[in-house]
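The values are calculated or read from the model by the stated rules, or taken from the named source; none is laboratory data. Note that the structure is predicted; figures quoted are calculated from it, not measured. Heads up, the Cβs are rebuilt from the backbone with ideal geometry, glycines too, and the neighbour counts pull from every protein chain shown.
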Amino acid sequence: LKSIEARFTAGTSVMDTQGTLTLTAVSNDQFFQGVVITSDQPNSVKLKITSLTAMGSDSNWLTAPREFILSNDKPITINELVGNATTGSEGVKMGTLRSFFMDKPITLMGTLLYTGPNGGESDPIVIKIYL
């Protein structure tokens, strides 16, 4: 994992290189659009999320693993991560996310999927998002 970046409708973003996004300083009225994840491996093309936990519970919110193409141009949206959190294209307000998820992090666990002659999966990765 090279970096994870949270994007907002105002053109702002928050980036981290350690797998932990701390969004606590983002105002409640900002619309969270999603996250952009980049890999330090040039042949990694997908993120496979096997577990999503939140609200201080160890229960996995996913009924099956989800795969996302890594792209700097298109964030993985909150709807793609947790289901229909919003009906609009703007994203979801940070205040709404905070009231729903409380003060506990959203934790994503999974692997990077590689292509090419040395294809396969990375070691497990963990991404934490603090709202």
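Residues in region 89-131 that are modelled with pLDDT of 90 or more, among the hydroxyl-bearing types (S, T, Y) and either in a loop (DSSP other than H, G, I, E, B) or touching an Asp or Glu at 6+ places or on another chain (Cβ under 6 Å) (or both): 1 in all.
D16 meets each of the listed conditions (1) in contact (Cβ under 8 Å) with a residue 40 or more places away in the chain; (2) within 14 Å of I129 (Cβ to Cβ); (3) surrounded by 15 or more Cβ atoms within 10 Å (Cβ to Cβ) apart from (1). Taken as a whole, region 75-86 holds no residue that is surrounded by fewer than 15 Cβ atoms within 10 Å (Cβ to Cβ), part of a loop (DSSP other than H, G, I, E, B) and among the aliphatic types (A, V, I, L, M). Residues that are in contact (Cβ under 8 Å) with a residue 60 or more places away in the chain and part of a loop (DSSP other than H, G, I, E, B) within region 1-13 comprise L1, T9, listed in sequence order.
Being surrounded by 13 or more Cβ atoms within 10 Å (Cβ to Cβ), in contact with a Phe, Trp or Tyr (Cβ under 7 Å, 6 or more places away or on another chain) and either under 17 Å from I78 (Cα atoms) or not basic (K, R) (or both): is that true of T38 here? Against the criterion (surrounded by 13 or more Cβ atoms within 10 Å (Cβ to Cβ), in contact with a Phe, Trp or Tyr (Cβ under 7 Å, 6 or more places away or on another chain) and either under 17 Å from I78 (Cα atoms) or not basic (K, R) (or both)), T38 does not qualify.
Against the list (1) buried (at least 17 other Cβ atoms within 10 Å of the Cβ); (2) closer than 26 Å to P124 by Cα; (3) β-branched (V, I, T); (4) at pLDDT 90 or above, the condition V26 fails is (2).
Go through region 23-49 and give me each residue that's in contact (Cβ under 8 Å) with a residue 60 or more places away in the chain and assigned to a loop (DSSP other than H, G, I, E, B).
Across region 23-49, the qualifying residues are L23, T24, V26, S27, N28, D29, Q30, S39, Q41, N43.
Comparison of L97, L52, L70, L62 shows that the only residue that is free of Cβ contacts under 8 Å to residues at least 24 places away in the same chain and buried (at least 17 other Cβ atoms within 10 Å of the Cβ) is L62. If you check L113 against the conditions, is it surrounded by 16 or more Cβ atoms within 10 Å (Cβ to Cβ), more than 15 Å from the chain's Cα centre (by Cα) and farther than 18 Å from F8 by Cα? So L113 passes the test. Pairs meeting the criteria (first residue in region 103-131 and more than 19 Å from S71 (Cα to Cα) and touching a residue at least 24 places away in the same chain (Cβ under 8 Å), second residue polar (S, T, N, Q) and exposed (fewer than 13 other Cβ atoms within 10 Å of the Cβ), beta carbons under 8 Å, at least 6 apart or on different chains) are Y130/T24; L131/T24.
Return the residues of region 90-108 that are of a type in the set (D, E, K, R) and under 23 Å from N60 (Cβ atoms); say none if nothing qualifies. If you could, list the steps in order and put the result at the bottom.
Residues of region 90-108 of a type in the set (D, E, K, R): 90, 93, 98, 103-104.
Matches in region 90-108: R98, D103, K104.
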